[in-house]
Amino acid sequence: MKNILVLLIFLLLSLNACKQADLQQQLEACHAELLEKSQEQEILQIETPLVHTVYLKIREDISPENLAGLIEGVKTLNQIQGVKHLKTGTFENLGDERALAEYGLVLQMEFQSEADYRSYQQDSIHLAFKKNAGPLLAGPPATYDFIKK
């Protein structure tokens, strides 16, 4: 009976050690995955140093449907090779007198190089977007380009 009790205690301790080893392996795997994701994010920051921002003056009489279509048109620019991290949004009035309130829509994207930017400017998707967006705008777009530091 004493031998069986010792054997049971030994088995329980062995099982507990196995569980802890398994947890340690899982922890190490999670740590490795987190490190890999972190490195990927750093690479993305390095690979897309050129930021292109476009401010659009929207016609005051634009319908909600046309505005939604314009936003969908902006999103098509993401199909262009070289365009990274495309973002768009409408103006949000937060009460800041300095805000560029005359621009109702802004879009921003990043490029790995000036060559990618130049290619984007000539891409048929971009040219079609400009043609379709024109009648919905109250004036020419304003742009601001910069290199991340």
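Throughout, read-outs are computed from the coordinates displayed, never taken from laboratory work. Remember, predicted model here, so these are calculated numbers, not experimental data. FYI the Cβ positions are ideal-geometry reconstructions off the backbone, even for glycines, and counts take in every protein chain you see.
Within 10 Å of each candidate Cβ there may be at most 16 other Cβ atoms; applying that plus a DSSP loop requirement, which GluC sites (Glu not before Pro) in segment 33-137 survive? Numbers along the way, then the final one.
Working: sites: Glu33, Glu36, Glu40, Glu42, Glu47, Glu60, Glu65, Glu72, Glu92, Glu97, Glu102, Glu110, Glu114; in loops: Glu60, Glu92, Glu97, Glu102.
Counting only loop positions with at most 16 other Cβ atoms within 10 Å, the GluC sites (Glu not before Pro) in segment 33-137 are Glu60, Glu92, Glu97, Glu102.
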(request) Pull out a ≥ b ≥ c, the square roots of the eigenvalues of the alpha-carbon gyration tensor of segment 48-147, then state rounded if a/c is under 1.5, prolate if not and a/b is larger than b/c, and oblate in the remaining case. (result) oblate
(request) Rounded to the nearest 0.05, what FRET efficiency do Leu34 and Lys148 give with R0 = 25 Å and r taken as the Cβ-Cβ distance? Could you check? (result) 0.55
(request) Take the Cα of Ala115, step 7 Å along the line toward its Cβ, and report every residue of segment 48-79 whose backbone nitrogen sits under 18 Å from that point. (result) 48-51
(request) May I ask you to evaluate 6.51 cos²θ - 1.76 cosθ + 1.60, the Karplus curve with θ = phi - 60°, for each residue of segment 130-147 and list the ³J(HN,Hα) values in order in whole Hz, giving x for glycine and proline? (result) 4, 5, 6, 6, x, x, 8, 9, 8, x, x, x, 10, 10, 9, 10, 8, 9
